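A quick write-up on the structure given underneath.
The values are calculated or read from the model by the stated rules, or taken from the named source; none is laboratory data. Treat the numbers as computed from the prediction; the structure is a model and nothing was measured. Because the Cβ atoms are built from the backbone with ideal geometry, glycine has one as well, and the counts that use them run over all protein chains shown.
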Amino acid sequence: MSQGKRFRLYGVRACERGRSFVNASGVKHDCGEASLAMLVSLIRDLSPVCTEVARDEKAGVTHVICLAVRDRGAGKGSRIDLGTALISSGFGFAAKDAAGNPIHREYAVAEEVARRSKAGLWGYRFP
């Protein structure tokens, strides 16, 4: 939320708040809070610029895609998509339409890679 407006990453789904996972040490954590913490970290690290792609007036949500441009290092000038970063880290998931198809195909691929490598939340147990 920013200036009273609600934003959502287009094609990205976060873990629901209230759903728990158990980490490798056996400690229970809130899955939604973990997704949110990773999103905040990525925003702080990447400083992405977001562009509106759709609005859901009924829900009061603006859907955005967010890109960051690396300003130093070997990847200088390359673009990083915030949705891909969140999903490939294992702390976000590819959203699906009503028929169960991914809204954004590239995000479904990133999710499958994260799942197979047990990145982020994929590496924990859900009771």
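When you go through 59, 54 one by one, which is the residue that is out of contact with any Ser or Thr (no Cβ under 8 Å at 6 or more places or on another chain), within 28 Å of residue 5 (Cα to Cα), aliphatic (A, V, I, L, M) and not in a helix (DSSP H, G or I)?
Details: 54 fails: out of contact with any Ser or Thr (no Cβ under 8 Å at 6 or more places or on another chain).
Checking each option against the conditions leaves just 59.
The single condition from (1) without any contact (Cβ under 8 Å) to a residue 12 or more places away in the chain; (2) surrounded by 19 or more Cβ atoms within 10 Å (Cβ to Cβ) that residue 98 fails is (2). When 83, 123 are screened for being under 30 Å from residue 25 (Cβ atoms) and buried (at least 18 other Cβ atoms within 10 Å of the Cβ), only 83 passes. Say we look at the range 73-114 and pick out the residues that are more than 14 Å from the chain's Cα centre (by Cα) and of a type in the set (Lys, Arg); which of these is farthest from residue 40 (Cα to Cα)? So, considering only residues that are more than 14 Å from the chain's Cα centre (by Cα) and of a type in the set (Lys, Arg), the one farthest from residue 40 (Cα to Cα) is 105.
Does residue 46 satisfy the criteria of being crowded, with 16+ Cβ neighbours inside 10 Å, modelled with pLDDT under 95 and in contact with a helix residue (DSSP H, G or I) (Cβ under 9 Å, 6 or more places away or on another chain)? Explain how you work it out, then say what you get.
Values: crowded, with 16+ Cβ neighbours inside 10 Å: yes; modelled with pLDDT under 95: yes; in contact with a helix residue (DSSP H, G or I) (Cβ under 9 Å, 6 or more places away or on another chain): yes.
For residue 46, the condition - crowded, with 16+ Cβ neighbours inside 10 Å, modelled with pLDDT under 95 and in contact with a helix residue (DSSP H, G or I) (Cβ under 9 Å, 6 or more places away or on another chain) - is met.
If the condition is being under 11 Å from residue 12 (Cβ atoms) and of a type in the set (Gly, Ala, Ser), then the range 109-127 contributes only 110.
Would a scan of the range 70-78 turn up a residue that is surrounded by 11 or more Cβ atoms within 10 Å (Cβ to Cβ) and outside any loop (DSSP other than H, G, I, E, B)?
Quick first cut of the range 70-78, residues surrounded by 11 or more Cβ atoms within 10 Å (Cβ to Cβ) only: 70, 75.
Narrowing further to those that are outside any loop (DSSP other than H, G, I, E, B): none.
No.
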